[in-house]
């Protein structure tokens, strides 16, 4: 790391609209990113991480957030005073950004080749043939299989990890001086995450690009960071070399964040002795091949003969890469989709082939908590109305359903008056607590948590995990926990089931599997976990 900083943020303050809970989204923020340096900005939701990044790119929503102080120097040029035309010129050529969700950042009606070519067409005078050759070369540098074929694919024809590689390709096409990555690995499984992190480091080292990496995942920080900037409520509370921050944090807040990171070393757990609450036997799910002229066995086999069981008082974790069949199994068990073959036994009854009417009495007994509570709570109804709806549909009088909901608010750490508010008035962690309360309102035997904490920052994630573990014990529930985060699985799951391409390749007690995996795929997943050893080092 030599020379002047490629990015220098000096005393940046961004004002919030009147009536907000504080005056500034970010206040007096200062730090540098040098050439070839990876600076990770960490902090809880609302800390100002993304606002800082969007300020650099000139992408703050007009009329809502406004820089009122400071300067942002990109290779010495203050982007806060640049004209809109100048900002457009700088984006892609000298600064570029990778977003968290490539599926929403990429245009669904353009091929990925056309979208990267657009960057070159706008910013260079290269003829079409040279542009296409350069695009294919960039896709090849991203280690995409068949780069020439990838050029003509649409985003929906690629996996999440491949789409993220396309985003990196578009960002790096013109060798920018600074690359901003805003939570680019949060939704990815560990092996894909490891590949993307390796790719970003490779690009940064080869091209000398400065990287500003926004994340709440300390495993990722431990894996790639040269320097760490810790933000809280819009201010920088601590910054310095990554080693110094991890080994000797000065601030209590930094120590709290680090201590919230789940360890990859599972605690010892006694085997659950309760009765089996839910089980699947030979579960198969096939997509497609259902037309009049289809032959038996045609279509895509997403789940291949899965057997599982979860006892009361037990948490079974299902882990694996994207496309392994984890969520499909969960949706078959809760009957959001119909299994193709096999049995799903709930309270001794096979619900796999029950009609909609026959299934209704069993709906109450098995509930699901999704990854994004904002999308699963009705934005036009108060959270109280959403919580009492289910019990009332099963005959509980409104007064009793409301009393139950008020009691649940205390259980999930919220005040009873929260019932009168709307989903948008809560933070992400609070919305997930409300989603758990809605599931508990049905007094179920089984709760399925499908990536229920993957989008939460580490401190809120820890609180929600503790809540799930506590309600499981207090209500003697069976908890089926779907996750791609092995750190989370290590801390909450009694047993682990590993899936690969629709099949179970290994299953057993969590502690035994993490310490001595028998299947090569399980070993590969554990080896790919970012910052392996980080939690143990902190604990020590």
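Rule-based calculations on the coordinates, nothing more; no lab input. The model shown is predicted, which means the values in this text are computed figures rather than measured ones. Note that each Cβ is placed from the backbone with ideal geometry, even for glycine, and that neighbours are counted across all protein chains shown.
State the antiparallel share, in %, of DSSP beta bridges confined to the chain, rounding to the nearest 5.
Numbers: 43 of 78 bridges.
DSSP beta bridges in the chain are roughly 55 percent antiparallel.
Report the per residue volume, in Å³, of the convex hull enclosing the C-alpha atoms of segment 97-175. Walk me through the numbers before you get to the answer.
On the way: hull volume 6.5 nm³, N = 79.
Per-residue hull volume (Cα only) is 82 Å³.
With a ≥ b ≥ c the root eigenvalues of the C-alpha gyration tensor of segment 411-476, is it rounded (a/c under 1.5), prolate (a/b larger than b/c) or oblate?
On the way: a/c = 1.71, a/b = 1.15, b/c = 1.48.
Cα axes put segment 411-476 in the oblate bin.
In µm²/s, what is D for segment 354-456 at 20 °C and 1.002 mPa s, where D = kT/(6 pi eta Rh) by Stokes-Einstein and Rh is the Kirkwood radius from Cα pairs?
Numbers: Rh = 13.9 Å.
Estimated diffusion coefficient is 155 µm²/s.
Post the alpha-carbon centroid distance, segment 44-93 to segment 334-412, in whole angstrom.
Cα centroid of segment 44-93 versus Cα centroid of segment 334-412: 44 Å apart.
Working from Cα positions, state the angle (0 to 90°, nearest 10) between the long axis of helix 383-393 and the longest principal axis of the chain.
It works out to around 20 degrees.
Order 331-340, 475-484 from most to least packed using the mean count of other Cβ atoms within 10 Å. Walk me through the numbers before you get to the answer.
Numbers: 331-340: 19.2, 475-484: 23.6.
So the peptides 331-340, 475-484, ranked by packing, come out 475-484, 331-340.
Taking 7 Å along the Cα-to-C-beta vector as the label spot, tell me the residue 77-residue 268 distance in nanometres, rounded to one decimal.
Simple spin-label model gives 6.3 nm for this pair.
With each run of n ≥ 4 DSSP H residues scored as -39500 (n - 2.57), what mean residue ellipticity at 222 nm is computed for the chain after dividing by its residue count and rounding to the nearest 500 deg cm²/dmol? Before the final figure, lay out each step's value.
Numbers: 22 runs with 210 residues, N = 540.
Value at 222 nm, helices only: -11000 deg cm²/dmol.
Taking 8 Å as the Cα distance limit and 6 or more residues as the minimum spacing, I'd like the relative contact order of the chain as a percentage. Walk me through the intermediate numbers first.
On the way: 1092 pairs, mean separation 88.5, N = 540.
Computed value for the chain: 16 percent relative contact order.
Rounded to the nearest 10 degrees, what's the angle between the helix 84-93 long axis and the longest principal axis of the chain, both from Cα atoms, 0 to 90?
80 degrees
Explain nothing, just the number: relative contact order of segment 324-403, from Cα pairs under 8 Å at least 6 residues apart, as a whole percent.
On the way: 40 pairs, mean separation 13.1, N = 80.
Value for segment 324-403: 16 percent.
At q = 0.09, 0.12, 0.17, 0.18 Å⁻¹, what base-10 log of I(q)/I(0) does the Debye formula yield for segment 184-315 when every alpha carbon is treated as an equal point scatterer in vacuo?
Computed log10 I(q)/I(0) values: -0.55, -0.79, -1.00, -1.05.
Rg to Rh for segment 1-73: what is it, with Cα atoms only and Rh by Kirkwood? Before the final figure, lay out the partial values.
Details: Rg = 12.9 Å, Rh = 13.0 Å.
When Rh is taken as the Kirkwood radius, the ratio is 1.00.
Within segment 403-425, what residues put their amide N at less than 16 Å from the label point 7 Å along the Cα-to-Cβ vector of residue 374?
Under cut-off, by backbone N: 422-425.
For 494, 146, which order do you get if you count the other beta carbons within 10 Å of each Cβ and list the fewest first?
Values: 494 22, 146 10.
Ranked by crowding around the Cβ, least crowded first: 146, 494.
Percentage of Cα-Cα pair distances in segment 181-245 greater than 14 Å, rounded to whole percent?
Details: 1274 of 2080 pairs.
Roughly 61 percent, rounded to a whole number.
Using the per-residue mean of other Cβ atoms lying within 10 Å as a proxy for protection, in what order, highest first, do the peptides 221-230, 98-107 fall? If you can, show how the numbers build up before the last one.
Numbers: 221-230: 23.4, 98-107: 17.3.
Put in order of decreasing packing, that is 221-230, 98-107.
From the C-alpha coordinates alone, can you work out the Kirkwood hydrodynamic radius of the chain, in Å? Working shown, then result.
Values: mean 1/r = 0.0399 Å⁻¹.
In the chain this quantity evaluates to 25.1 Å.
Of 123, 156, how do they rank once you tally other Cβ atoms within 10 Å and put the fewest first?
Working: 123 16, 156 9.
Going from sparsest to densest Cβ surroundings: 156, 123.
Can you work out the FRET efficiency for the pair residue 30 and residue 64, with r the C-beta to C-beta distance and R0 = 30 Å, to the nearest 0.05?
It comes to 0.80.
Note down the relative contact order for segment 113-260 as a percent, whole number, built from C-alpha pairs under 8 angstrom at least six residues apart.
16 percent
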